[in-house]
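Trainee: Quick one: the structure is below, and I'll ask about it shortly.
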Amino acid sequence: MITTLIHIILMIVLFSFSGFAQSVSSEQLIKEAQQYDKKTILYQGEVIGDIMLRKDHAWINLHDGGFAIGVWVDRDLITQINYTGGYKYKGDWIEVKGIFNRACLEHGGDMDIHAQQLKKIKSGELVKEKTDVYKEELALMGAGLLCLILILTRSKRQLRQS
């Protein structure tokens, strides 16, 4: 009975440590770079900009709402990415697990993450442009005013010529 209880408690403790890892924010990584340097982290963000292919790897930029962090990832992992954020698209929201480098010697001293795993959390989408009704009305009034000025100018010229 006691050994069963101990096993259950051990399973709960082990599950809680392994199953609930939390992501680190870009702000934390920048402010506490020395603390996270060379450590395995989880980082989530929207894929923004272009995917830059480099032989068997690629660079992606992940923006979590604060800052963007460059991620060095195996080329075969980026097949999960369908949308990159920009003017017309909201990028896929992904989570990477990898080694954080505050000054990566392999990549010219830049801050980056070398991804070991990549998981899509949410798919991106086409951004639907919302037009401002006020601006539309203002543009129509402006066009109408220009037409009225053009008509009045022409009729004034015609009156002078007659």
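Trainee: Of all residues being part of a loop (DSSP other than H, G, I, E, B) and hydroxyl-bearing (S, T, Y) in segment 116-147, which is surrounded by the most Cβ atoms within 10 Å (Cβ to Cβ)? Just the residue, please.
Mentor: Step one: filter segment 116-147 for residues part of a loop (DSSP other than H, G, I, E, B), giving 123-124, 127-132.
If we keep only those that are hydroxyl-bearing (S, T, Y) as well, we get 123, 131.
Working: S123: 14, T131: 7.
Selected residue: S123.
Trainee: Related question: Of the residues that make up segment 42-57, is at least one in a loop (DSSP other than H, G, I, E, B), at pLDDT 95 or above and surrounded by 15 or more Cβ atoms within 10 Å (Cβ to Cβ)?
Mentor: Within segment 42-57, not a single residue is in a loop (DSSP other than H, G, I, E, B), at pLDDT 95 or above and surrounded by 15 or more Cβ atoms within 10 Å (Cβ to Cβ).
Trainee: Mind checking which pairs have a first residue in segment 59-71 that is within 14 Å of I121 (Cβ to Cβ) and in contact (Cβ under 8 Å) with a residue 24 or more places away in the chain and a second that is assigned to a strand (DSSP E or B) and aromatic (F, W, Y), Cβ under 8 Å, 6 or more apart or different chains?
Mentor: L62/Y43; D64/Y43
Trainee: Test each condition in (1) surrounded by 14 or more Cβ atoms within 10 Å (Cβ to Cβ); (2) assigned to a loop (DSSP other than H, G, I, E, B) for K38 and report the one that comes out false.
Mentor: For K38, the failing item is (1).
Trainee: For segment 96-112, check the following and say yes or no: at least one residue is surrounded by 13 or more Cβ atoms within 10 Å (Cβ to Cβ) and under 13 Å from the mean Cα position of the chain (by Cα).
Mentor: Within segment 96-112, one or more residues are surrounded by 13 or more Cβ atoms within 10 Å (Cβ to Cβ) and under 13 Å from the mean Cα position of the chain (by Cα).
Residue-wise test of (1) farther than 20 Å from D74 by Cβ; (2) at pLDDT 95 or above; (3) assigned to a loop (DSSP other than H, G, I, E, B).
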| residue | (1), (2), (3) |
| --- | --- |
| G98 | no, yes, no |
| N101 | no, yes, no |
| E106 | no, no, yes |
| D112 | no, yes, no |
| I149 | yes, no, no |
| L152 | yes, no, no |
| Q158 | yes, no, no |
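The values are calculated or read from the model by the stated rules, or taken from the named source; none is laboratory data. Every value quoted in this text rests on a predicted model; they were computed, and no experiment measured them. Note that each Cβ is placed from the backbone with ideal geometry, even for glycine, and that neighbours are counted across all protein chains shown.
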